[in-house]
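First up is the structure itself, then whatever we jot down about it.
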Amino acid sequence: MSNRMEEVQFDGSGLVPVVVQDDVSGEVLMLAYANHEALERTAGTGRAHFFSRSRGELWEKGATSGNFIHVSTMALDCDGDAVMYRGRPEGPACHTGRRSCFWRSLQGTQEPDRPIIGEIADIIADRARNPREGSYVSSLLGSGPEGVLRKIGEEATEVMLSGALNREKLANEVADLWFHTLIALQFCGVDYRDVLSELRRRRR
């Protein structure tokens, strides 16, 4: 970042807006501001730093809450007047305890849509922590490794059988397979983001 710092177009107060994105799920987590020092600190430590306009001081995300954001890349937009931190959050990004600060919809719904894989994974995790009577997910998680993994085989077979039929059928069966794979990951204690990270690694 430091070799392109001269390209950042800071405003009259010496600040630039910074969008923070989960580099695995793609979810936008928060917006804050940074000065030159905050950008340098972020680049140097690998943890998100910003400048508080209300307090007039540099701050590190997570320094008091423990909810750090580990920054893997820093990107400058086409006009040079906005920066994006891409990284992995350690806990919720929002001070309200929510994963993202962008949870209030301007269109009347309770919450805006978020990446569906993460949303479903969070629901499955909740069912694991708080089993519900009559819940399919809770029941399957309680069936043990044989029950959970057997469903993967069943759903994979359905995908194979539907592949030669039609696109809609195939999409439905793949959705079933992905859903049950998320359940299996939860059962085995594997974060779905680790799978996305592996896919990202393979892309390179």
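Only the coordinates and a few stated rules stand behind these numbers; no lab work does. Since we're looking at a predicted model, the values are computed, not measured. Positions of Cβ are generated from backbone atoms using ideal geometry, with glycine treated the same way; all protein chains shown enter the neighbour counts.
For Rg/Rh (Cα atoms, Kirkwood Rh), computed directly from the structure shown, the correct entry in (1) 1.04; (2) 0.97; (3) 1.07 is (3). The label-point distance for residue 106 and residue 37, in a model that sets each label 7 Å from Cα toward Cβ, rounds to 3.4 nm.
Label positions at residue 120 and residue 7, each projected 7 Å from the Cα along the C-beta direction, are separated by 3.8 nm. In order along the stretch 23-30, the Karplus-derived 3J(HN,Hα) couplings, from 6.51 cos²θ - 1.76 cosθ + 1.60 at θ = phi - 60°, round to 6, 9, 7, x, 5, 7, 9, 6 Hz, and Gly and Pro are given as x. The packing ranking of peptides 132-140, 63-71, highest mean first, is 63-71, 132-140, where packing means the average number of other beta carbon atoms within 10 angstrom of each residue.
Can you tell me the relative contact order of the chain? Whole percent, Cα pairs under 8 Å, sequence separation 6 or more. RCO, the chain: 16 percent.
The angle between the Cα long axis of helix 192-203 and the main principal axis of the chain comes to about 80°, on a 0 to 90 degree scale. For the chain, the cysteines with no partner cysteine C-beta closer than 4.7 Å are 78, 188. Here the stretch 2-89 is assigned +1 on the Cβ of each Lys and Arg and -1 on the Cβ of each Asp and Glu. Its dipole about the Cα centre then comes out at about 380 debye. Residues considered: 169, 151, 61. Largest GNM mean-square fluctuation over the chain, using C-alpha springs under 10 Å, is found at 169. Excluding residue 157 itself, what net charge comes from residues whose Cβ is under 12 Å from its Cβ, given Lys and Arg +1 and Asp and Glu -1? Local charge sum for residue 157: -3.
Distance between the pseudo-spin-label points of residue 170 and residue 78 (7 Å out from Cα toward the beta carbon): 3.4 nm. Computed from Cα atoms, the angle from the helix 36-45 axis to the main principal axis of the chain rounds to 50 degrees. Close amide H partners of residue 70, meaning residues 5 or more places away or on another chain with modelled amide H under 5 Å apart, are 88, 90.
Summing +1 for each Lys or Arg and -1 for each Asp or Glu among the other residues whose beta-carbon sits under 15 angstrom from that of residue 147 gives 0.
Backbone geometry of the stretch 150-155 corresponds, through the Karplus equation with coefficients 6.51, -1.76 and 1.60 at θ = phi - 60°, to 3J(HN,Hα) couplings of 4, 4, 4, x, 5, 5 Hz, x marking Gly and Pro.
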